[in-house]
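The values are calculated or read from the model by the stated rules, or taken from the named source; none is laboratory data. The structure displayed is predicted, hence computed values, not measured ones. Don't worry about glycine lacking a Cβ; one is built from the backbone with ideal geometry, like all the others, and counts go over all protein chains shown. These area figures cover heavy atoms from the full protein model, side chains too; ligands, DNA and RNA do not enter into them. Shrake-Rupley method; radii C 1.70, N 1.55, O 1.52, S 1.80 Å.
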Amino acid sequence: AQKITQTQPGMFVQEKEAVTLDCTYDTSDPSYGLFWYKQPSSGEMIFLIYQGSYDQQNATEGRYSLNFQKARKSANLVISASQLGDSAMYFCAMREGGYTGFQKLVFGTGTRLLVSP
Amino acid sequence: EAGVTQFPSHSVIEKGQTVTLRCDPISGHDNLYWYRRVMGKEIKFLLHFVKESKQDESGMPNNRFLAERTGGTYSTLKVQPAELEDSGVYFCASTTLDGDPKEQYFGPGTRLTVT
């Protein structure tokens, strides 16, 4: 069964430093997609970055990059140059199977990131 | 373009009462999903609509939960009767049928508190 594990319930980082949020996954399907979402205190889920299982390069979106290590089944999120506004909950999620227009996601328990001045 | 909207943003009810949550997906999005996050736990899939049809309701916890999407537009999720363990945040998300796999748009959630 597919499963997402986020082992860091909370992380602290100083402003302008980089931080890595861990995510490991388990699936027997060779085709899957991995997502990271940010949930600020206002509650909405904000899409950050996506990595397909067959993508050759690690995904990057601005200050966000995904360190995808397929053999280790890990998909860590790296936030460079942290900002105070990055303080939020971060969820790793996975879609199993090739994309068919159906996006049932399995989520981890989340990591709360606190950025200090 | 308006995003996914959910109403109410917060609902406080007593055990045994009924609550109906509403989700308005992005216009033209035929896929609609409901998820729930119980405090401190992961966000879990509840069910999936394609237009007005339920495609997958494997995540619905029990028969106290009823989801509908009449006309294939907005969806409602009714909890009747509510129990304490139903407290959590209920998210709705929508996508097109054949859009970019990155594009799953979430609503702001409805925080349900059952006392």
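At a glance:
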{"quantity": "Counting all C-alpha pairs of the protein assembly as shown, share separated by more than 29 Å (%)", "calculated": "28"}
{"quantity": "For chain A, diffusion coefficient by Stokes-Einstein and Kirkwood Rh (Cα), 20 °C, 1.002 mPa s, µm²/s", "calculated": "150"}
{"quantity": "Per residue accessible area of chain B, 1.4 Å probe, in Å²", "calculated": "49"}
{"quantity": "Average beta carbon contacts from partner chains per residue of B:49-58, 10 Å cutoff", "calculated": "1"}
{"quantity": "Translational D in µm²/s for the range A:32-94 (Stokes-Einstein at 37 °C, 0.692 mPa s, Kirkwood Rh from C-alpha pairs)", "calculated": "269"}
{"quantity": "Mean shadow area of chain B, taken as a quarter of the surface of its Cα convex hull (nm²)", "calculated": "6.8"}
{"quantity": "In Hz, Karplus ³J(HN,Hα) per residue of the range A:107-114 (6.51, -1.76, 1.60; θ = phi - 60°; x = Gly, Pro)", "calculated": "10, x, 7, x, 10, 8, 9, 10"}
{"quantity": "Positions from the range B:92-115 whose accessible area shrinks by 50 Å² or more when the full protein complex is built, not the chain alone, probe 1.4 Å", "calculated": "B:P101, B:K102, B:Q104, B:F106"}
{"quantity": "Within the accessible area of the protein assembly as shown (1.4 Å probe), percent carbon and sulfur", "calculated": "49"}
{"quantity": "Rg ratio (alpha-carbon, reference 2.2 N^0.38 Å) - the range B:61-115", "calculated": "1.35"}
{"quantity": "Student exercise, chain A dipole from Lys, Arg, Asp, Glu Cβ charges, in Debye to nearest 20", "calculated": "140"}
{"quantity": "Accessible area buried, both sides summed, chains A and B with 1.4 Å probe, Å²", "calculated": "1800"}
